[in-house]
Amino acid sequence: MSTMAVALLSTNPSATPNRRSALLLLPRRLTPAAGFIHRAAASASFPGARRADWQASFSILSSQAAAAGGGAALPGSSSEKSTNDSGDLSAAEPEHGDSAKRSVPEPPVNGTMAGVKSLVSSAAAGGADLAPIPNLPRPLSIGDLSPAPMHGSRLRVAYQGVPGAYSEAAAGKAYPNCEPIPCDQFEVAFQAVELWIADRAVLPVENSLGGSIHRNYDLLLRHRLHIVGEVQLPVHHCLLALPGVRKEYLTRVMSHPQALAQCELTLTRLGLNVTRESFDDTAGAAEYIANNGLRDTAAIASARAAELYGLQVLADGIQDDSGNVTRFVMLAREPIIPRTDRPFKTSIVFAHDREGTSVLFKVLSAFAFRDISLTKIESRPHRHRPIRLVDDANVGTAKHFEYMFHVDFQASMAETRAQNALAEIQEFTSFLRVLGSYPMDMTPWSTSTPPPPPPSAPSS
Ligand SMILES: O=C(O)C(=O)C[C@]1(C(=O)O)C=C[C@@H](O)C=C1
């Protein structure tokens, strides 16, 4: 793969006007990140004891991580171009440009430098008289070759939101027993993995009622993480308010915009005369209502959020469709090796710059001719070339929008038919990147939200 250009991204904190007290514990032994993680401030106004439990053990990474400069490759940057020029696909190829990876201290020989030093000083003192040399270094063993864990043995999984968010439950479904790491924005979750603060990220990409979460499609392209899996989470919403509040008192409902969209019809059917207000995540809205004692406001969030923040459930199962499901992708710094012994999906993104040659039709045909089913197609504006002007002397100037096309197809990159399809597609696209080839979520269908991962041990 070509050398990756690393660009700094800055995140505007004002983009999250609703996020209060972002509240953070320092992950143990992660000094490089210390500059953008803050210690949690206990909220005296919190109604339930459970909050203290998770406050002691969870941290939320804030958008200030962005200001510290996470590495990200921008589409259209020199790295993307050289990838195109060389026709290099990123599938199943290890990442080489992870600067954070380089900053991980190398394990000293023998676990300590002392053995090496004593050997050197003994030789310098002319100690060639066969006297036993104390502290001889022992030979390297296989265990010395794997880097020391940066933290406890649990996989650290970044998600967007606060405890009680659906994304936390998705992290637990994707990686049972993981240590969930709350982040205040999607961008921060990407950077947490890039900076080795987290091992994986689990982020929503689409919902059966609300549609695609476009921000994450754009971030997948800006960053260099690989999709290594997917999980589908049934989303079961509740209407939550402070104890004693009745539906008739409500003037406002707050939640994540996706959750508001997923409950739109039911809110009307319940006869609520309320304004809708967006919040960064569902559980954050519940926390805000609890912390501020808002008796005229309800949140749309999970039953677990009600428990965590001491709210009552005014209505249960208020999503407009009982089969409401959100699909999340699992992201890692390295791709997984694609296999053929179980159903795999592959996600690609491409762009083309030719006019009038039915490129999109040709791309889709490359899959159809090989009997490869597409499971998703999404177009996003091409941020570096949003509009193409076509002058016609007789009728004026046509302004065509330019797009990046995201396609998921049902095959593994280990299959020849998938490799051939991509080789063909490469011939008529100007840009092509494999975001990941990964096992499909084949878990049995259920309509209830699974429990979140177990709480992490309190940080020392
Ligand atoms: O706000 C949350 O609880 C989330 O996890 C985010 C999110 C989303 O982004 O779509 C996840 C699942 C639900 O579809 C609603 C909201």
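The values are calculated or read from the model by the stated rules, or taken from the named source; none is laboratory data. Owing to the predicted nature of the structure, the values given are computational and were not obtained by experimental measurement. Cβ sites come from the backbone with ideal geometry, for glycine too, and all protein chains shown count toward neighbours. Side chains included, ligands, DNA and RNA excluded: accessible areas come from the protein's heavy atoms. Shrake-Rupley method; radii C 1.70, N 1.55, O 1.52, S 1.80 Å.
Among S358, S347, which is the only one that is more than 16 Å from the ligand (Cβ to nearest atom), surrounded by 15 or more Cβ atoms within 10 Å (Cβ to Cβ) and among the small types (G, A, S)?
After applying the criteria, what remains is S347.
Show the residue pairs meeting these rules: Cβ distance below 6 Å; 6+ apart or different chains; first residue within region 283-296 and under 17 Å from P182 (Cβ atoms) and in a helix (DSSP H, G or I); second residue open to solvent by 40 Å² or more (accessible area, probe 1.4 Å) and not aliphatic (A, V, I, L, M).
Close Cβ pairs satisfying both conditions: A290/P47; N291/S45.
Every residue, every condition in (1) open to solvent by less than 10 Å² (accessible area, probe 1.4 Å); (2) within 22 Å of E206 (Cβ to Cβ), yes or no:
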residue: A285; (1), (2): yes, yes
residue: A298; (1), (2): yes, no
residue: V329; (1), (2): yes, yes
residue: I337; (1), (2): no, no
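Looking at A261, is it touching a helix residue (DSSP H, G or I) at 6+ places or on another chain (Cβ under 8 Å), within 13 Å of the ligand (Cβ to nearest atom) and part of a helix (DSSP H, G or I)?
no
Which residues, taken from region 208-251, are touching a Lys or Arg at 6+ places or on another chain (Cβ under 8 Å) and of a type in the set (D, E)?
D218, E230, listed by residue number.
Let me spell it out: the conditions are (1) near the ligand (Cβ under 10 Å from one of its atoms); (2) within 11 Å of the chain's Cα centre (by Cα), and L220 meets all of them except one. Which number is the exception?
(1)
How many residues does region 235-283 contain that are open to solvent by less than 10 Å² (accessible area, probe 1.4 Å) and over 24 Å from R295 (Cβ atoms)?
Summing the residues that are open to solvent by less than 10 Å² (accessible area, probe 1.4 Å) and over 24 Å from R295 (Cβ atoms) in region 235-283 gives 2.
Identify all residues within region 161-186 that are more than 14 Å from V235 (Cβ to Cβ), open to solvent by 10 Å² or more (accessible area, probe 1.4 Å) and charged (D, E, K, R); write none if there are none.
Across region 161-186, the qualifying residue is only E179.
Restricting attention to region 301-310, and to residues there that are more than 23 Å from S208 (Cβ to Cβ) and open to solvent by 20 Å² or more (accessible area, probe 1.4 Å), which single residue is farthest from the chain's Cα centre (by Cα)?
Among those residues, the one meeting the criterion is G310.
Which pairs do you get when a residue that is more than 9 Å from the ligand (Cβ to nearest atom), found in region 157-174, comes within reach of a residue that is of a type in the set (S, T, Y), reach meaning Cβ atoms under 6 angstrom, with the pair 6+ apart or on two chains?
So the pair list comes out as V157/Y175; A171/Y159.
P105: modelled with pLDDT under 95, open to solvent by 60 Å² or more (accessible area, probe 1.4 Å) and away from the ligand (no atom under 14 Å from the Cβ), yes or no?
Judged against the criteria, P105 is a match.
Looking at region 198-209, can you tell me whether even one residue there is among the small types (G, A, S), away from the ligand (no atom under 12 Å from the Cβ) and over 28 Å from A315 (Cβ atoms)?
Checking region 198-209: at least one residue is among the small types (G, A, S), away from the ligand (no atom under 12 Å from the Cβ) and over 28 Å from A315 (Cβ atoms).
When region 277-306 is examined, which residues are found to be of a type in the set (S, T, Y) and within 10 Å of the ligand (Cβ to nearest atom)?
Matches in region 277-306: T282, S302.
Taking region 187-219 on its own, how many of its residues are open to solvent by 10 Å² or more (accessible area, probe 1.4 Å) and among the aliphatic types (A, V, I, L, M)?
Of the residues in region 187-219, 3 are open to solvent by 10 Å² or more (accessible area, probe 1.4 Å) and among the aliphatic types (A, V, I, L, M).
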